[in-house]
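Okay, so here's the structure we're looking at.
The values are calculated or read from the model by the stated rules, or taken from the named source; none is laboratory data. Only a predicted model underlies this, so the values are computations on that prediction, with no experimental measurement involved. Positions of Cβ are generated from backbone atoms using ideal geometry, with glycine treated the same way; all protein chains shown enter the neighbour counts. Just the protein is used for accessible areas: all its heavy atoms, side chains included, with ligands, DNA and RNA removed. Shrake-Rupley method; radii C 1.70, N 1.55, O 1.52, S 1.80 Å.
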Amino acid sequence: RVYRLPQAISLTSEINTKRQFFHLPNAASTQSCVPVLDERVFIQRRQQLQNLEPPLHPELEELELAIARLSSTSSDAMQFQHSIRAFLNGDNYKTPVANESALAWVDSISTLGDRTIEEEGEEKSRYQAGTDFENIVRRSLEFLGFSIDENYKGGAGGLDLFCSHPYPLAGECKAGRSIPSRTVEELDRIARRHLKEDFEKAYKLIIGPGNPTPHLRESAIYSKVSIIKAMTLQKLVELNAKYPGSVDLYKLKDFLEPGQIDYKIQIYIDGILSGLKLRSLVVQAVSEVMNINDGKPVSVVEVQTCYNLRLKAESGTVNNKSMRDLLVELSSPLTGYLGRIPGSTPENDRFYFLRSLEVS
């Protein structure tokens, strides 16, 4: 059986005799190592070898080998290869949600916002910092799923940004130690001139690293304009980067209330994480019941019982209908955490584990 060691061990040049055993140090005992394959998958693979059975997914294994040749030069190929490995190798293989280097820009959202404060002394620096911040805000909103209308490029007399899909959103990016009191009036006037009859349907949003003045908060509530900090935007982007598709823009708009709404967006983020943790525990429950049942697919009632007795967290117990809905969702080909074997009736469906859902 193959294990991942807690740290690298170098074999010296002295070990060159045939059939010589190399004793690992005590630090590399099996208690401190993690098996590459979990118990269920390991037993399954061993039986296949002993009985000379063909692999369950030979086409996928061949595809994984072919993709491996491209993964060193293509981040998309690497992501696809990891997804195939996660499916083939089971629980202990973590699938990276995205290429870290490709998402390095996410950490700069609040940094560029803060830089607008630090560089307030010099006019040229202020302009450049403000432009950089506006660009990163545009990129962030696109990453979340908004469609940016390129007809609005900012500049004198123009909107900093306008999102046309999935709902109209007019935005203003402001740099400085505090967001000026006139910002709401500016956004209101400019958006009304550009959007015309569509103005009333559009959500209005101000994003800036600074603190809004008391007068600005009052104006925002009166004019139905939302205000968030750059760090709040970064939290949304980080969440969507770690768990792709987790930010639902239709649900998000219910939190775009007038005034400063950073705490509202945090409530929205916490709700998403709570839902992800619940689903993670459901996937874990399926895996645990399968290990008890010698790898056989499990029923809704078995998963519900395991979850309610052993794994329930702050979400509390889950009833039979809700558990089945979660199992069907997690066994969708678009998620791929579980598999489903349809029964004679929906209540008789059986489910089996494919890969873990890790939430941190």
Listed residues TYR243, TYR250, TYR222; which is of a type in the set (Phe, Trp, Tyr) and over 30 Å from GLU358 (Cα atoms)? TYR222
Among the residues that make up region 332-340, is at least one of them touching a residue at least 40 places away in the same chain (Cβ under 8 Å), closer than 21 Å to ASP248 by Cβ and open to solvent by less than 50 Å² (accessible area, probe 1.4 Å)? yes
Condition test on ILE292, is it more than 15 Å from the chain's Cα centre (by Cα) and open to solvent by 40 Å² or more (accessible area, probe 1.4 Å)? yes
Residue among LEU195, LEU187 that is in contact with a Pro (Cβ under 8 Å, 6 or more places away or on another chain), at negative phi, without any contact (Cβ under 8 Å) to a residue 40 or more places away in the chain and open to solvent by less than 30 Å² (accessible area, probe 1.4 Å): LEU195
Would you mention how many residues in region 231-240 are surrounded by fewer than 19 Cβ atoms within 10 Å (Cβ to Cβ) and in contact (Cβ under 8 Å) with a residue 60 or more places away in the chain? 2
